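A.B. asks: The structure's right below; bear with me while I get my questions together.
The values are calculated or read from the model by the stated rules, or taken from the named source; none is laboratory data. The shown structure was predicted, so the numbers you read here are calculated from the model rather than taken from an experiment. With ideal geometry, Cβ positions are generated from the backbone for all residues, glycine too; neighbour counts draw on all protein chains shown.
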Amino acid sequence: MSTFLAAERVRGFGTSIFTEMSALAVEHRAVNLGQGFPDFAGPAWIKQAATEAIAADLNQYAPATGLPRLRAAIAATWARNSWRDIDPSSEVTVTSGATEALFGAIMAFVNPSDEVICFEPFYDAYLPDIIMAGGVPRVIRLYPPMPADNERRAATAQWRFDPDELAAAFTPRTRIFLLNTPHNPTGKVFTRTELEQIAALCQQHNVIAVTDEVYDQLVYDGAVHIPLATLPGMWERTLTINSTGKTFSLTGWKIGYVVAAPHLSQALRQAHQWITFATATPLQQAAAVALELAPENGYYAELRAAYLERRDRLDQVLHRAGFTTLPVEGSYFIMADISNTGFASDADFCRWLTRDVGVAAIPPSSFYANQRDVPLLARFCFAKKLETIQAAAERLAGIDRNRLG
Ligand code: PMP
Ligand code: GLN
């Protein structure tokens with residue numbers, strides 16, 4: 001039998017760290033605080049809307065750009081937040097999750113050898129997306145706050161970038177600046193000042209911004225999510241990506257969307273029509289119901305309060321187990337310092353923790369292109385029931401620190 005080599009563009013891709021760690025968690029019956037997905041049910045009223053949509057025979061292809069009702073609900077969300085008045089017909093496109101939106105945006109604008117700038121650590125799909133488009137990633141570092149002692153861990157101590165490194169990353173070949181805020185895996189929410197620095201460079205170098213804002217509802221302790229597209233001069237050059245998966249705890253539905261000015265949306269739609277064409281009709285209908293009713297039924301406030309409790313609980317559990325954690329302003333991840341565990345790599349630590357302790361976490365080195373001086377951290381997800389966090393607590397409490405390393 002012949003064997004066929006994969007095309008060069010995918011040959012170097014390993015298996016996603018989420019797939020690897022979730023499989024290891026299943027094999028070792030570990031409590032899975034690795035892959036980011038809720039282990040609790042999505043809201044019954046949204047699931048009911050999906051069931052009703054299927055029963056009402058909303059089961060054929062949706063329009064390629066998305067159900068008009070969902071696009072209108074997305075535009076209403078932007079208006080309600082006083083971000084911008086959006087035209088749902090020309091400025092909103094529904095995609096199969098943020099994953100397709102990211103791929104589509106990059107395929108729509110990146111020519112071979114164009115450069116795309118992003119921060120590392122980055123969400124793991126970014127690099128393969130850039131490579132599949134024939135683009136060249138230009139990665140700059142986000143530096144962690146020093147976690148050496150809790151006293152110094154001021155509430156303001158956050159991951160930061162070096163403005164000079166940021167400016168130096170822009171070249172005549174830069175096509176896209178790819179930003180993620182609130183940020184996975186660091187939990188950072190970019191400040192207005194930081195966004196202004198990014199916006200100024202994008203404008204100076206005539207670069208398109210693609211912003212991944214899937215955790216926009218998950219912000220804590222007074223942190224405010226600011227869409228880059230709302231800064232002066234940015235609307236014309238920004239594609240804003242979001243996903244109802246995180247906001248409504250329904251990650252398997254894969255209903256994402258892109259909000260962008262008509263000339264940007266048009267190019268994105270050119271790519272989207274040949275990637276998936278359209279996405280699941282009844283689930284789009286239910287996502288529309290979710291966005292319509294959530295502001296009225298208190299859903300967002302409840303969501304944030306529940307996540308705040310889970311964040312604080314997991315933070316406490318990690319501290320009791322002897323880890324120092326980095327502050328989390330947004331997303332549903334906590335980074336724990338593992339530099340005192342004796343492990344030489346975060347991957348070895350996470351495999352050990354999964355197999356021997358029975359708690360799965362993600363090694364953030366998977367989110368770095370450059371492996372030099374990667375901080376030794378482990379990412380724990382708190383999109384989990386309090387019982388799950390408690391189960392992890394019991395296992396982590398049993399860590400024999402003398403056996404570490
Ligand atoms: N971007 C980020 C930062 C994410 O964390 C995720 C998924 N966890 C995605 C994009 C993908 O979103 P979706 O599941 O809607 O494709
Ligand atoms: N975004 C999720 C995470 O960061 C995982 C999504 C996936 O498995 N592709 O854990």
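A.B. asks: Out of the residues in segment 184-212 that are within 16 Å of ligand 1 (Cβ to nearest atom) and under 28 Å from P172 (Cβ atoms), state the one that is surrounded by the most Cβ atoms within 10 Å (Cβ to Cβ).
C.D. replies: Going residue by residue through segment 184-212, those that are within 16 Å of ligand 1 (Cβ to nearest atom) are 184-190, 209-212.
Narrowing the set further to residues that are under 28 Å from P172 (Cβ atoms) leaves 190, 209-212.
Numbers: F190: 27, A209: 25, V210: 31, T211: 24, D212: 29.
Top of the filtered list is V210.
A.B. asks: Would you be able to say whether some residue in segment 15-36 is part of a loop (DSSP other than H, G, I, E, B), touching a strand residue (DSSP E or B) at 6+ places or on another chain (Cβ under 9 Å) and either farther than 18 Å from K246 by Cβ or among the charged types (D, E, K, R) (or both)?
C.D. replies: The answer is yes; a qualifying residue exists.
A.B. asks: A further question follows. I'm told W352 meets every condition in (1) within 21 Å of the chain's Cα centre (by Cα); (2) aromatic (F, W, Y); (3) surrounded by fewer than 19 Cβ atoms within 10 Å (Cβ to Cβ) except one. Can you identify the failing condition by its number?
C.D. replies: (1) is the only condition that W352 fails.
A.B. asks: Which of (1) among the hydrophobic types (A, V, I, L, M, F, W, C); (2) touching a residue at least 40 places away in the same chain (Cβ under 8 Å); (3) in contact with a helix residue (DSSP H, G or I) (Cβ under 9 Å, 6 or more places away or on another chain) is the odd one out, the single condition L308 does not satisfy?
C.D. replies: (3)
Residues checked against (1) within 14 Å of ligand 1 (Cβ to nearest atom); (2) hydrophobic (A, V, I, L, M, F, W, C); (3) outside any loop (DSSP other than H, G, I, E, B); (4) closer than 26 Å to C381 by Cα:
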position: H263; (1), (2), (3), (4): no, no, yes, no
position: H272; (1), (2), (3), (4): yes, no, yes, no
position: Q285; (1), (2), (3), (4): no, no, yes, no
position: N297; (1), (2), (3), (4): no, no, no, no
position: D312; (1), (2), (3), (4): no, no, yes, yes
position: A336; (1), (2), (3), (4): no, yes, yes, yes
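A.B. asks: When segment 221-258 is examined, which residues are found to be among the hydroxyl-bearing types (S, T, Y) and either within 13 Å of ligand 1 (Cβ to nearest atom) or touching a Phe, Trp or Tyr at 6+ places or on another chain (Cβ under 7 Å) (or both)?
C.D. replies: Residues of segment 221-258 among the hydroxyl-bearing types (S, T, Y): 230, 238, 240, 243-244, 247, 249, 251, 257.
Within segment 221-258, T230, T240, S243, T244, T247, S249, T251, Y257 qualify.
A.B. asks: Tally time: how many residues in segment 356-376 are in a loop (DSSP other than H, G, I, E, B) and more than 22 Å from V26 (Cβ to Cβ)? Give the steps one after another, and end with the answer.
C.D. replies: Going residue by residue through segment 356-376, those that are in a loop (DSSP other than H, G, I, E, B) are 358, 361, 363, 368-376.
Checking which are more than 22 Å from V26 (Cβ to Cβ) leaves us with 368-376.
Here the count works out to 9.
A.B. asks: Quick check, is L178 away from ligand 2 (no atom under 16 Å from the Cβ), of a type in the set (A, V, I, L, M), within 22 Å of H225 (Cα to Cα) and at pLDDT 95 or above?
C.D. replies: No: the conditions fail for L178.
A.B. asks: Just checking, how many residues over segment 338-351 are more than 12 Å from L33 (Cα to Cα), touching a residue at least 40 places away in the same chain (Cβ under 8 Å) and outside any loop (DSSP other than H, G, I, E, B)?
C.D. replies: The number of residues fulfilling the criteria is 1.
A.B. asks: Here are A383, A397, A361, A392: which of them is surrounded by fewer than 15 Cβ atoms within 10 Å (Cβ to Cβ) and of a type outside the set (F, W, Y)?
C.D. replies: Working: A383 fails: surrounded by fewer than 15 Cβ atoms within 10 Å (Cβ to Cβ); A361 fails: surrounded by fewer than 15 Cβ atoms within 10 Å (Cβ to Cβ); A392 fails: surrounded by fewer than 15 Cβ atoms within 10 Å (Cβ to Cβ).
Testing whether each residue is surrounded by fewer than 15 Cβ atoms within 10 Å (Cβ to Cβ) and of a type outside the set (F, W, Y) leaves just A397.
A.B. asks: For segment 12-37, enumerate the residues that are within 16 Å of ligand 1 (Cβ to nearest atom) and among the acidic types (D, E). Step through it out loud before you land on a result.
C.D. replies: Looking only at segment 12-37, we keep the residues that are within 16 Å of ligand 1 (Cβ to nearest atom), and these are 16-22, 32-37.
E20, the sole residue that qualifies.
A.B. asks: While we're on this one: Just name the residue that is farthest from A286 (Cα to Cα) out of those in segment 40-71 that are of a type in the set (G, A, S) and exposed (fewer than 13 other Cβ atoms within 10 Å of the Cβ).
C.D. replies: Filtering segment 40-71 down to residues of a type in the set (G, A, S) leaves 41-42, 44, 49-50, 53, 55-56, 62, 64, 66.
Okay, now just the ones that are also exposed (fewer than 13 other Cβ atoms within 10 Å of the Cβ), so 41, 44, 55-56.
Numbers: A41: 15, A44: 11, A55: 12, A56: 12 Å.
Of everything passing the filter in segment 40-71, A41 is farthest from A286 (Cα to Cα).
A.B. asks: For D39, all conditions in the list (1) assigned to a loop (DSSP other than H, G, I, E, B); (2) within 16 Å of ligand 2 (Cβ to nearest atom); (3) more than 30 Å from L386 (Cα to Cα) hold save one; what is the number of the exception?
C.D. replies: (3)
A.B. asks: Can I ask one more? For segment 15-32, enumerate the residues that are closer than 16 Å to P364 by Cα and either surrounded by 10 or more Cβ atoms within 10 Å (Cβ to Cβ) or in contact (Cβ under 8 Å) with a residue 12 or more places away in the chain (or both). Don't jump to the end; show me each part of the working.
C.D. replies: Of all residues in segment 15-32, those closer than 16 Å to P364 by Cα come to 15-22, 32.
Scanning segment 15-32 gives S16, I17, F18, T19, E20, M21, S22, N32.
A.B. asks: Hey, another quick one. Between residues in segment 367-385 that are of a type in the set (D, E) and residues that are within 16 Å of ligand 2 (Cβ to nearest atom), which pairs lie under 9 Å by C-beta distance while being six or more apart or on different chains?
C.D. replies: If the second residue must be within 16 Å of ligand 2 (Cβ to nearest atom), no pairs are left.
A.B. asks: Residues of segment 72-116 being assigned to a loop (DSSP other than H, G, I, E, B) and surrounded by fewer than 20 Cβ atoms within 10 Å (Cβ to Cβ), which ones? So that I can check it myself, show each step before the final result.
C.D. replies: Of all residues in segment 72-116, those assigned to a loop (DSSP other than H, G, I, E, B) come to 81-87, 110-114.
Those that are assigned to a loop (DSSP other than H, G, I, E, B) and surrounded by fewer than 20 Cβ atoms within 10 Å (Cβ to Cβ): N81, S82, W83, R84, D85, D87, N111, P112, S113, D114.
A.B. asks: Could you tell me whether I389 is touching a residue at least 40 places away in the same chain (Cβ under 8 Å), among the β-branched types (V, I, T) and not in a loop (DSSP other than H, G, I, E, B)? Full working, then the answer.
C.D. replies: On the way: touching a residue at least 40 places away in the same chain (Cβ under 8 Å): yes; among the β-branched types (V, I, T): yes; not in a loop (DSSP other than H, G, I, E, B): yes.
Here the answer is yes, as I389 does meet what is asked.
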